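See structure below.
The values are calculated or read from the model by the stated rules, or taken from the named source; none is laboratory data. Quantities reported herein were computed from a predicted structural model and do not represent experimental measurements. Counting neighbours? That spans all protein chains shown, and the Cβs are built from the backbone with ideal geometry, glycine included. The area values use the complete protein model at the heavy-atom level, side chains included, leaving out ligands, DNA and RNA. Shrake-Rupley method; radii C 1.70, N 1.55, O 1.52, S 1.80 Å.
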Amino acid sequence: MRFKPARLKLSTQEASRPLQTASLHGQLLARLREMVLDGELRPGSPLPERMLCETFGVSRTPLREAFKVLATEGLIALRPHRTPVVTPVDRQEIGHVFELMEALDGLAGRLACRHATADELAKLEAMHADLVRFHHAEQRNDYFRQNQEIHAEITRLARNPVLLASWTAVNAKIYRARAQANYDHARWDASLAEHEAFMTRLRARDAEGFAAALAEHTRVTGIAVLGNLSETAE
């Protein structure tokens, strides 16, 4: 069965909110990313430049720069001489990527626990505290972004540039699917509990325990993501 792109539809609320001149690129990027992650821009939707420029009150330059970033995150597909589209989600590929991510997170956790300084762990604790606050306030988008930053920070603390580059590239392939897993409140609660569990291991400088807990968190997240994709496809 061939995939048929869906038509682009923007809410009247979006059309009535032109972007401010300050930090134009950042605002535009955040708005488009949120629309893809929230499902307002559905898989297969075309992204016509003229329409989006008129909607957000921007020129093509910041729009194209935002497109480049979204393409590196795997959220849209840039096609030579054709209109960009929101990328479809391939469930089988997502499953394979999570298997690899589980291994990468385990390695990152082991190395980070060994190499992180006290100051770096304090920064991670502050990031975790913000994560808890976002959960309690039910700020899903803020929670997801903070969640991603925590995982990225752990990988940076591993002090292995090859691992960081690999992790970043692999994570981009599951960015959107991972965000959708927290739409289920039970999974969202479980995710926070898993973060609490691996942070406890990190505080104890238990490298093997931290690595195992982090990898298990990724494995369970993968199961939730694949389950969500199955329900969406039905």
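Tabulated results
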| quantity | calculated |
| --- | --- |
| Candidates L24, L70, L107, ranked by Gaussian network fluctuation over the chain, Cα under 10 Å, top entry | L24 |
| Linear extension gain, A152 paired with H25, 0.36 nm per residue minus alpha-carbon span | 43.5 nm |
| Computed label-point distance, nm, for sites H96 and L78 using a 7 Å Cα→Cβ extension | 2.4 nm |
| Computed accessible area, I174, all protein chains, 1.4 angstrom probe, square angstrom | 0 Å² |
| Pairwise FRET efficiency - E54 versus A165, Cβ, R0 = 30 Å, nearest 0.05 | 0.20 |
| Sulfur and carbon atoms: percent of accessible area, segment 191-231 [1.4 Å] | 58 percent |
| Residues with amide H under 5 Å from that of Q139, placed H, sequence gap 5 or more | none |
| Full-extension gain in nm, H136 to D189, via 0.36 nm per residue minus C-alpha separation | 18.1 nm |
| The chain, relative contact order in percent, only Cα pairs under 8 angstrom and at least six apart counted | 22 percent |
| Two-site label geometry, T200 and T61: point separation in nm, points 7 Å out along Cα→Cβ | 5.4 nm |
| Within the chain, longest stretch clear of exposed trypsin sites (Lys or Arg not before Pro) (DSSP loop, no more than 12 other Cβ within 10 Å) | 10-204 |
| Karplus-derived 3J(HN,Hα), 6.51/-1.76/1.60, for each residue of segment 153-170, Hz, glycine and proline x | 5, 4, 5, 5, 5, 5, 6, 10, x, 5, 4, 4, 5, 5, 4, 4, 5, 5 |
| Estimated vicinal HN-Hα couplings, Hz - segment 78-90 in sequence order (Karplus 6.51, -1.76, 1.60; Gly, Pro = x) | 8, 10, x, 6, 9, 5, x, 9, 5, 6, x, 9, 8 |
